[in-house]
Amino acid sequence: MTDGAKRSVALVAPYAAWMALMVTLPATAWAYAVRGAVTAALLIAFLPTNREPRTTSHEPRTTNHEPRTTNHALSVLAGLLVFVVWIAPELWLGSFPGVPAAAPLSAADSPYSPEVCGWALTLAKLAASAFVISAAEELFFRRWLVDFAGFWWMVALFAVEHGDRWAVGAVAGVVYGLVARRFGLFAAIVAHAVTNLALGLLVVFADHWEFW
């Protein structure tokens, strides 16, 4: 296997495993925990490969002279921006093109709430959604897919992946893509993790289970 093929496998495998398990396993807290564990194991296994620096013709070859702390701060702000965009149509605007009408879900009806599955599995869901799938998606969409198909195909497919929430998914794809292009892939992972963590905290502590 060539170095390029190995790199592609390292970038695609965690996300592919996540999606395969999502399709084959039931929508339960235990299944989500298994999905998160398998994907996390692949992320760790491929970490040495994915940490190697890489540039492509799709990315501007400019030098980022901003301090690392500034980059991280901007990544966090970008993640919070996507969080606000994600929840605003359903919580504050009522409806919006490309976003489903608000349909509140009670804790008793969610398979991921503590009263249904226990706090251990709820926290496992929170951790996997914040730190595991965010990294897997960034490796696949913002690195491999941008290299393979270009920026706007990445945005389109990221929107499609989010189903009824395709409009906010498209916005998220643009924001994370611009962060990755300007500050690097790790910055995009940070932004995505911030979004998912904020969303998970909203779900768990404000009882907005419809977002899970």
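The values are calculated or read from the model by the stated rules, or taken from the named source; none is laboratory data. Note that this is a predicted model, so its numbers are computed, not measured. Here the Cβ is made from the backbone with ideal geometry for all residues, glycine too, and neighbour counts use every protein chain on show.
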- Task: Please work out if residue 74 is of a type in the set (A, V, I, L, M, F, W, C), modelled with pLDDT of 60 or more and not in a helix (DSSP H, G or I).
- Result: no
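Go over the candidates 96, 131, 140, 83 one by one and state the one that is modelled with pLDDT under 95 and surrounded by 11 or more Cβ atoms within 10 Å (Cβ to Cβ).
That would be 96, the only listed residue that is modelled with pLDDT under 95 and surrounded by 11 or more Cβ atoms within 10 Å (Cβ to Cβ).
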- In the list 39, 24, which residue meets the criterion of being of a type in the set (Val, Ile, Thr), within 15 Å of residue 140 (Cα to Cα) and at pLDDT 90 or above? 39
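Every residue, every condition in (1) among the small types (Gly, Ala, Ser); (2) touching a His at 6+ places or on another chain (Cβ under 6 Å); (3) more than 15 Å from residue 112 (Cβ to Cβ), yes or no:
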{"site": "127", "(1), (2), (3)": "yes, no, no"}
{"site": "153", "(1), (2), (3)": "no, no, yes"}
{"site": "156", "(1), (2), (3)": "yes, no, yes"}
{"site": "161", "(1), (2), (3)": "no, no, yes"}
{"site": "178", "(1), (2), (3)": "no, no, yes"}
{"site": "189", "(1), (2), (3)": "no, no, yes"}
{"site": "196", "(1), (2), (3)": "no, no, no"}
{"site": "203", "(1), (2), (3)": "no, no, no"}
- Task: Identify, from the list 136, 172, 127, 193, the residue that is in a helix (DSSP H, G or I), aliphatic (A, V, I, L, M) and either within 13 Å of residue 86 (Cβ to Cβ) or over 14 Å from the mean Cα position of the chain (by Cα) (or both).
- Result: 172
- Does residue 89 satisfy the criteria of being closer than 27 Å to residue 149 by Cβ, at pLDDT below 95 and not small (Gly, Ala, Ser)? no
